[in-house]
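K.L.:
I'd like to ask some things about the structure below.
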Amino acid sequence: MADQAARDTRPTGRSVRLDTLVRLRWLALIGQTTAVLVVYVGLDYELPIWACLAVIALAAWLNVALRVRFRVTQRVEPDRAAWLLAFDIAEAADDADARRVRDRLRHPAHFRP
């Protein structure tokens, strides 16, 4: 009977620790912030710096919220991990879209449909 109860409480399928996803996101946020600042300051390339940093800050806020809300050993089911990773992809794509929109506004003739 105890063996059956232990089997029912184990996660089904493969799950990943939330701590792993949070650490990966911190690494990505450091890389994204560095890339945006190097391009803006180091290469003197004009881009919507505050919009890019706001999106990066949103992801940092999500990281902090996940750390506060869940314990370090929390396991995440594959579908929920996919949602977190989808957010990361959308966040990275948003940084790229902000640069593309700025380029279209500056040189509309180069971007004909």
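Computed from the coordinates by the stated procedures, all read-outs in this text should not be read as laboratory data. Small disclaimer: the values here were computed from a predicted structure and weren't measured. Glycine also receives a Cβ, built like all others from the backbone with ideal geometry; neighbour counts cover every protein chain displayed.
K.L.:
Taking θ as phi - 60°, what are the ³J(HN,Hα) couplings along the range 51-66 by the Karplus curve (6.51, -1.76, 1.60), each to the nearest whole Hz, with x for Gly and Pro?
P.N.:
Values, residue by residue: 5, 5, 5, 5, 5, 5, 5, 4, 5, 5, 4, 4, 4, 5, 4, 5 Hz.
K.L.:
Also, quick follow-up: Can you compute 3J(HN,Hα) from phi for each residue in the range 79-87, using the Karplus curve 6.51 cos²θ - 1.76 cosθ + 1.60 with θ = phi - 60°, rounded to whole Hz and x for Gly and Pro?
P.N.:
With coefficients 6.51, -1.76 and 1.60, one gets 5, 6, 5, 4, 5, 5, 5, 5, 4 Hz.
K.L.:
Near the amide H of Arg17, under 5 Å away, which other amide H atoms are found, from residues 5 or more places off or on another chain, if H is placed in the peptide plane?
P.N.:
For Arg17, whose amide H was placed from the backbone, the distant partners under 5 Å are Val76.
K.L.:
Follow-up. Can you give me the distance in nm between label points at Leu85 and Thr33, each placed 7 Å from the Cα along the Cα-to-Cβ direction?
P.N.:
2.5
K.L.:
Shifting gears a bit: Can you work out ³J(HN,Hα) from phi for every residue in the range 21-34, in order, using Karplus 6.51 cos²θ - 1.76 cosθ + 1.60 and θ = phi - 60°, giving whole Hz and x for Gly and Pro?
P.N.:
Along the range 21-34, the couplings run 5, 5, 5, 4, 5, 4, 4, 5, 5, 5, x, 5, 4, 4 Hz.
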